[in-house]
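> Pasting a structure here, questions to come.
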């Protein structure tokens, strides 16, 4: 675990050292799926607060007690979220990174209003228009964003994508950066 902590610290230093990131707050999400809490506690003890899980049930089994004792921890749902799991996800997570449909957005909206919570959301973008991937087509992101922000008053803070294996990563990054700027997203 010591090596993992050192790796996180090195990654953070590298990100902050980049000329265009010096005035930005960078959040590193330690993805803890499949890891037991005994492997995660050293990160918590050393002040790391952002953790990602891709399955609601696994997160329910390991995080509630930890969060009760560590109020600063921020949990990120980074996997596909099924509508039948939304009520559980809304109670547990601070961020959802995979909003990919109006149906899902509606369900999140209903559940977060029930408990007076305002989850930070990322719209999942299908950057390369791959049929096998979920997400909003880049050409539809602005309309989708406006609908869930203006009509539903949802708290969209960013965009998320997983480029195809054959994708030009720099090109995908530039497209996402341009859309993030256009929508005035902050994370």
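All of the numbers you see were taken from the coordinates with simple rules; none came from a lab. Since this is a predicted model, take the numbers as computed values, not measurements. Heads up, the Cβs are rebuilt from the backbone with ideal geometry, glycines too, and the neighbour counts pull from every protein chain shown.
> How many angstrom separate the Cα center of the range 79-111 from the Cα center of the range 119-187?
A separation of 16 Å, based on Cα centres.
> Once you sort the root eigenvalues of the Cα gyration tensor of the chain as a ≥ b ≥ c, which label holds: rounded (a/c under 1.5), prolate (a/b larger than b/c) or oblate (the other case)?
In terms of gyration-tensor shape, oblate.
> Which whole-number percent is the relative contact order of the chain (Cα, under 8 Å, 6+ apart)?
Dividing the mean separation by the residue count of the chain yields 13 percent.
> Is the shape of the range 132-187 best called rounded, prolate or oblate, per the rule: a/c under 1.5 gives rounded, else a/b larger than b/c gives prolate, else oblate, with a ≥ b ≥ c the square roots of the Cα gyration tensor eigenvalues?
Prolate, because a/c is 1.5 or more and a/b exceeds b/c.
> So what's the back-of-envelope 222 nm ellipticity for the chain, counting only DSSP H runs of four-plus at -39500 (n - 2.57) apiece and dividing by all residues, rounded to 500?
About -12000 deg cm²/dmol.
> Further question: Go ahead and run the numbers for FRET between residue 143 and residue 115, Cβ-Cβ distance against an R0 of 25 Å, rounding to 0.05.
Here the calculated transfer efficiency is 0.30.
> Using R₀ = 30 Å, calculate the FRET efficiency as 1/(1 + (r/R₀)^6) where r is the Cβ-Cβ separation of residue 186 and residue 162; round to 0.05.
0.90
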